[in-house]
Amino acid sequence: MIKKAVYLERAPAKINLFLEVLGKREDNYHDLNTLFQAIDLQDHLTFEIQVLCSPSEEIDFNIEIDSNSDELKNLGLNNSISKAVELYFTKLPVTQVIEVISAVEISVFVDKQIPLQAGLAGGSSDAAATLRALNRFFEENFDWCLSQQELLEVALEIGSDVPFCLLATQEPRLHGAGRGEKLSKKTFKFNYDDYENLILVKPDFGVDTAWAYDQLDAQIEKETCKLNLGFSNSFEKVVFPKYPDLVFIKEKLEEFGCKRVLLSGSGSTMIGFLDKNQDQKAIFRQVDQFFPATYMKKMASFL
């Protein structure tokens, strides 16, 4: 018997309204204090899942990933989607599922709108979308699925942003602690919703996240941990000196009228926040005309 289904999943980009890196842990990850926010820039993933049901000691896997992004296609299977599939199948119960499956075919097309190495969690969100699609398939076809807590544990194995991305379509703003996996709703005195409209500018280069963390480590040890509210990002202190073009983008976005400007994650996207009373399209036209065509320039808003 063959069981098959097609699913469409959206994968929203993520920004950090504030991001404080508190220090390196014994497991080599970092403790964070951050406020995650999903935005309406998003990838769209189409999953075609087909499973051959028959007793077997081994499962024959075939995974194909295609995209409108050459950069993603060039990664082959070395990406977050493949990692999500691999980890998900390690959690399947042997007696209920594994023993009755002999072959699995998964075809994924990614309509890629979130650029890579942009500090927008594009890879993390694609992985989260993959976990949601797989869980839906096994619930509908095998009357079995991972619980939300189990899914969050798998998500954390993939990356620190993935647990939030897993929940982002339902809970678009959550406070993150620990590695980012300790998620909760919190109320802050600062009214972020006054600045829910954004202009994103990503230059034609990325910032390596591992490098950015390495640069922060020496400084973190000398600082007193504090709660940063408003718009702030620990990475700016090490990324800006290395990439002065980002400082230039920040200055121009402020000059064009953005009320606040913030580095997204470890970069390289800069976020210009607009208030509700501004002529947002007019500001965006200035941004679009000023920066080179090789830069990503998009308007976005909070989900």
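The values are calculated or read from the model by the stated rules, or taken from the named source; none is laboratory data. Please read these numbers as outputs of a predicted model, since none were measured by experiment. Note that we place each Cβ from the backbone using ideal geometry, even for glycine, and neighbour counts take in every protein chain shown.
Some points to look at:
- Annotation: N79 fulfils all but one of (1) closer than 27 Å to S266 by Cα; (2) surrounded by fewer than 19 Cβ atoms within 10 Å (Cβ to Cβ); the unmet one is (2).
- Taken together, the residues in region 56-72 that are in a loop (DSSP other than H, G, I, E, B) and within 12 Å of F109 (Cα to Cα) amount to 2.
- From the list L22, L35, L17, L45, the one residue that fits, being part of a strand (DSSP E or B), in contact (Cβ under 8 Å) with a residue 60 or more places away in the chain, surrounded by fewer than 20 Cβ atoms within 10 Å (Cβ to Cβ) and not assigned by TED's automatic domain parsing to the domain that holds D214, is L22.
- Taking the listed residues K297, K237, the one that is in a helix (DSSP H, G or I), surrounded by fewer than 18 Cβ atoms within 10 Å (Cβ to Cβ), outside the structural domain of Y29 (by TED's automatic domain parsing) and within 25 Å of the chain's Cα centre (by Cα) is K237, with no other qualifying.
- Looking only at region 27-63, and only at residues there that are small (G, A, S) and more than 25 Å from D161 (Cα to Cα), the one that is modelled with the lowest pLDDT: S56
- Sole residue being surrounded by fewer than 20 Cβ atoms within 10 Å (Cβ to Cβ), out of contact with any helix residue (DSSP H, G or I) (no Cβ under 7 Å at 6 or more places or on another chain) and farther than 20 Å from D40 by Cα, chosen from E150, E171, E157, E196: E150
- The selection criterion, being more than 30 Å from the chain's Cα centre (by Cα) and assigned by TED's automatic domain parsing to the domain that holds A155, holds for V94.
- Region 101-149 - residue that is acidic (D, E) and over 28 Å from Y213 (Cα atoms) and, of those, farthest from the chain's Cα centre (by Cα): D143
- Residue count, region 244-294 (criterion: β-branched (V, I, T) and either without any contact (Cβ under 8 Å) to a residue 12 or more places away in the chain or in a loop (DSSP other than H, G, I, E, B) (or both)): 3
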